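S.K.: Once you've had a glance at the structure underneath, I'll fire off some questions.
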Number of protein chains: 2
Amino acid sequence: MERIIIDMDEVIADPMGDMIDWYSQQYEHAIDRQKMLGGSWVKGFPEEHHQLVMDRLLSPGFFRHLPVMKDSVEVIGELNKKYEVFIVSAAMEFPNSLKDKLEWLLEHFPYLSWKQVVLCGDKKLIHGDYMIDDHVKNLKDFVGKKYLFTSAHNLDITEYDRLNDWKEVAEVFL
Amino acid sequence: MERIIIDMDEVIADPMGDMIDWYSQQYEHAIDRQKMLGGSWVKGFPEEHHQLVMDRLLSPGFFRHLPVMKDSVEVIGELNKKYEVFIVSAAMEFPNSLKDKLEWLLEHFPYLSWKQVVLCGDKKLIHGDYMIDDHVKNLKDFVGKKYLFTSAHNLDITEYDRLNDWKEVAEVFL
């Protein structure tokens with residue numbers, strides 16, 4: 001069975017969307033998506049509020065209640081029948097997110113087991129046949145076929161094959 | 001730089017030792033090390049107390065205050081200068097252990113970064129040049145050189161090269 005490595009944030013979970021919703025309810029400052037280019041959606045928020053955004057990212061509970069990316073539950077359910085699926089998140093920078101991420105995953109993707117979850121600091125030691133990720137830093141050392149999952153912060157990247165949404169993932173893999 | 005994958009429990013942390021100390025203070029029942037053979041040190045405790053032991057293993061805080069295996073801090077400190085060291089623990093079965101394990105590691109091995117930590121369910125997708133682990137289930141699919149770290153529950157295993165303690169690790173790798 002071929003192995004697919006699937007990222008969490010901005011691929012199956014939507015921390016950026018959640019943060020923008022929360023921020024917009026409190027402030028009228030505009031989000032600048034152009035500034036996200038280069039890899040960090042936090043930079044799209046006004047500079048005086050970067051710390052506020054980081055503090056919320058680091059707080060317990062933030063990753064427990066995130067929205068699920070559209071169609072990801074259905075498509076990964078089908079992938080899980082044909083491939084060896086692993087969900088791999090570079091989460092160690094956020095110690096409070098670890099248990100939240102595991103619980104969130106097992107709630108929304110109940111067909112997955114804890115055996116299919118990896119929380120790490122660096123993905124360079126993760127091997128598989130395919131990787132779907134929104135960050136070049138995670139894809140660059142991967143030995144298998146790499147797919148960049150489209151997100152506001154990576155629209156300027158041209159070197160990778162893209163998957164724009166989960167309908168496209170289904171077209172490629174199913 | 002060659003990559004070494006190092007396990008946590010029974011290799012650099014001592015949950016079995018901690019559990020035996022705690023148990024012996026409360027009960028006079030003997031621990032039967034013969035029954036640990038086959039992979040689980042929990043089975044060395046009297047059967048009527050397996051649930052008690054598992055409940056303590058699963059409780060928040062258990063993995064935060066474990067003893068450190070003798071000489072591991074010094075030897076891994078030296079390995080960290082010559083190799084790419086990753087600490088990889090199959091921890092997903094114990095959701096309450098995740099943050100505890102990360103904090104324990106960064107406290108006792110302060111020269112390691114969160115980038116060198118992996119908490120997973122299954123180690124089959126972890127690649128490296130060497131793996132040091134006390135469980136055959138973790139070693140069996142590894143692509144590099146495998147070393148069984150000696151523990152009470154694996155004394156019956158004969159198919160792997162052994163490392164009996166951290167002094168021996170130093171002899172082999174340094």
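The values are calculated or read from the model by the stated rules, or taken from the named source; none is laboratory data. Because the structure is predicted, anything quoted here is derived from the model rather than measured. A quick note on method: Cβ atoms are made from the backbone with ideal geometry, for glycine too, and the neighbour counts reach across all protein chains shown.
S.K.: Restricting attention to segment A:89-112, and to residues there that are over 15 Å from the mean Cα position of the chain (by Cα) and not in a helix (DSSP H, G or I), which single residue is nearest to the other protein chains (Cβ to nearest Cβ)? If you could, list the steps in order and put the result at the bottom.
M.R.: Here is the first cut: in segment A:89-112, the ones over 15 Å from the mean Cα position of the chain (by Cα) are A:95-96, A:99, A:103, A:106-107, A:110-112.
Now restrict to residues that are not in a helix (DSSP H, G or I): A:95-96, A:110-112.
Working: A:P95: 5, A:N96: 7, A:P110: 15, A:Y111: 14, A:L112: 10 Å.
In this case the residue turns out to be A:P95.
S.K.: Here is a follow-up. So A:E48 ticks every box in (1) farther than 18 Å from A:L148 by Cβ; (2) surrounded by fewer than 21 Cβ atoms within 10 Å (Cβ to Cβ); (3) touching a strand residue (DSSP E or B) at 6+ places or on another chain (Cβ under 8 Å) but one. Which box is left unticked?
M.R.: Looking at each condition in turn, A:E48 falls short on (3).
S.K.: Right, another one. Would you say B:V143 is β-branched (V, I, T), farther than 25 Å from A:K123 by Cβ and surrounded by fewer than 16 Cβ atoms within 10 Å (Cβ to Cβ)? Steps first, please.
M.R.: Details: β-branched (V, I, T): yes; farther than 25 Å from A:K123 by Cβ: no; surrounded by fewer than 16 Cβ atoms within 10 Å (Cβ to Cβ): yes.
No: the conditions fail for B:V143.
S.K.: Let me ask something additional. Looking only at segment A:113-143, count how many residues are at the interface with chain B (Cβ under 7 Å from one of its Cβ atoms) and either assigned to a helix (DSSP H, G or I) or aliphatic (A, V, I, L, M) (or both).
M.R.: Count: 8.
S.K.: For segment A:144-174, name all the residues that are under 11 Å from A:V75 (Cα atoms) and in a loop (DSSP other than H, G, I, E, B).
M.R.: A:D165, A:L174
S.K.: Among the residues of segment B:10-23, are any farther than 22 Å from B:S151 by Cβ, surrounded by fewer than 18 Cβ atoms within 10 Å (Cβ to Cβ) and at pLDDT 95 or above?
M.R.: Scanning segment B:10-23, I find no residue that is farther than 22 Å from B:S151 by Cβ, surrounded by fewer than 18 Cβ atoms within 10 Å (Cβ to Cβ) and at pLDDT 95 or above, so the answer is no.
S.K.: Only one of these is surrounded by 15 or more Cβ atoms within 10 Å (Cβ to Cβ), under 21 Å from A:E107 (Cβ atoms) and out of contact with any strand residue (DSSP E or B) (no Cβ under 6 Å at 6 or more places or on another chain): A:P67, A:P95, A:P60. Name it.
M.R.: After ruling out the rest, the residue left standing is A:P95.
S.K.: If you don't mind, another one. Looking at segment A:78-87, which of its residues are under 16 Å from the mean Cα position of the chain (by Cα) and more than 8 Å from chain B (Cβ to nearest Cβ)? Even if it seems obvious, please write down each step before you answer.
M.R.: Step one: of segment A:78-87, the residues under 16 Å from the mean Cα position of the chain (by Cα) are A:85-87.
Answer for segment A:78-87, where residues must be under 16 Å from the mean Cα position of the chain (by Cα) and more than 8 Å from chain B (Cβ to nearest Cβ): A:V85, A:I87.
S.K.: Need pairs with beta-carbon distance below 6 Å; first residue under 16 Å from A:E10 (Cβ atoms) and within segment A:128-146, second of a type in the set (D, E, K, R) and assigned to a helix (DSSP H, G or I); sequence gap 6+ or separate chains.
M.R.: A:N138/A:K123
S.K.: Which one of B:K124, B:K70, B:K101 is modelled with pLDDT of 95 or more and within 22 Å of B:E2 (Cα to Cα)?
M.R.: Result of the check over B:K124, B:K70, B:K101: B:K124.
S.K.: With respect to A:F86, is the statement that it is assigned to a loop (DSSP other than H, G, I, E, B) and not aliphatic (A, V, I, L, M) true? Outline the logic, then answer.
M.R.: Values: assigned to a loop (DSSP other than H, G, I, E, B): no; not aliphatic (A, V, I, L, M): yes.
So A:F86 does not fit the description; no.
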